[in-house]
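*Asks:* Quick one: the structure is below, questions incoming.
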Amino acid sequence: MHKKASWLLLVLWAIGLLCALLAYGQRQLSDFDPNGELLHRTTAPDFDASLVAILEKQGIQPGSVIHVGTQYRCYCDTLTTPHQTQLTAKLGSNFRQVRLIVEDVPELAAMLEAVPALIVLDKQNQLRYLGPYATGYGCFTGKNLVEQVVSYTTQLPYAGAVINTDATGCFC
């Protein structure tokens with residue numbers, strides 16, 4: 001009887017631990033564009049040009065990979081460092097790295113409900129990508145989007161920007 005009770009307690013402990021991990025993990029997941037604000041804005045015919053103009057006012061030049069973070073440096077923001085390193089290595093020295101604090105650019109803060117976000121401008125100052133670095137728990141167990149971003153950035157001829165609003169992951 002004592003052995004059965006021990007096994008039962010072990011099984012109940014394991015189930016409780018798994019339930020706690022699942023509940024914690026679900027709290028870490030959020031939508032990149034929860035209210036559809038960015039998606040709605042992208043329907044405007046001049047969205048790309050207006051975003052590029054906002055970035056130009058911040059002194060951002062063509063050929064930039066822009067990391068949009070928060071001044072509070074939340075945990076999710078720190079998880080993008082490996083993705084930034086991969087992106088830099090794959091795009092090479094043709095692109096400069098820029099960090100923007102979303103609170104410092106009200107026009108950008110109005111359209112981005114979640115950060116960290118990635119914006120890529122090509123050498124012709126055309127918007128190539130706007131969206132997250134990755135999806136999934138902690139943005140490291142899901143889908144790493146670096147390869148896709150590189151392909152969007154180097155695709156010729158230019159077919160327009162890719163705006164990724166449908167993503168779930170670790171966002172602030």
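*Asks:* Using only Cα atoms, find the angle between the long axis of helix 2-28 and the longest principal axis of the chain, and express it within 0 to 90 degrees, rounded to the nearest 10.
*Replies:* Taking the Cα atoms of the chain, the angle to 2-28 is about 20 degrees.
*Asks:* On alpha-carbon atoms, Rg over Rh for the chain using Kirkwood Rh?
*Replies:* Ratio value, two decimals: 1.14.
*Asks:* Within straight cross-link reach of Lys57, meaning Cα distance under 16 Å, which aspartates and glutamates are found once same-chain residues fewer than 8 apart are removed?
*Replies:* Straight-line reach from Lys57, under 16 Å: Asp48, Glu103, Asp104, Glu107.
*Asks:* Using only Cα atoms and rounding to the nearest 10 degrees, what angle (0 to 90) does helix 81-91 make with the longest principal axis of the chain?
*Replies:* Approximately 40 degrees, to the nearest ten.
*Asks:* Next question, about the same structure. For the chain, what relative contact order do you get, as a whole percent, if you take Cα pairs closer than 8 Å and at least 6 residues apart?
*Replies:* 30 percent
*Asks:* For Tyr129, enumerate residues with amide H under 5 Å from its amide H, sequence gap 5+ or separate chain, H modeled in the peptide plane.
*Replies:* The list, which skips near neighbours in sequence, is Val120, Val162.
*Asks:* Quick one: if the Förster radius is 41 Å, what FRET efficiency do Cys74 and Leu8 give, using the C-beta to C-beta distance and rounding to 0.05?
*Replies:* Efficiency, from the Cβ-Cβ distance: 0.50.
*Asks:* Between Val68, Val149, Val162, find the one with the highest GNM mean-square fluctuation for the chain; connect C-alpha pairs within less than 10 Å.
*Replies:* Highest fluctuation of the listed residues: Val162.
Rule-based calculations on the coordinates, nothing more; no lab input. Please read these numbers as outputs of a predicted model, since none were measured by experiment. All Cβ positions, glycine included, derive from the backbone under ideal geometry; neighbour counts span all protein chains shown.
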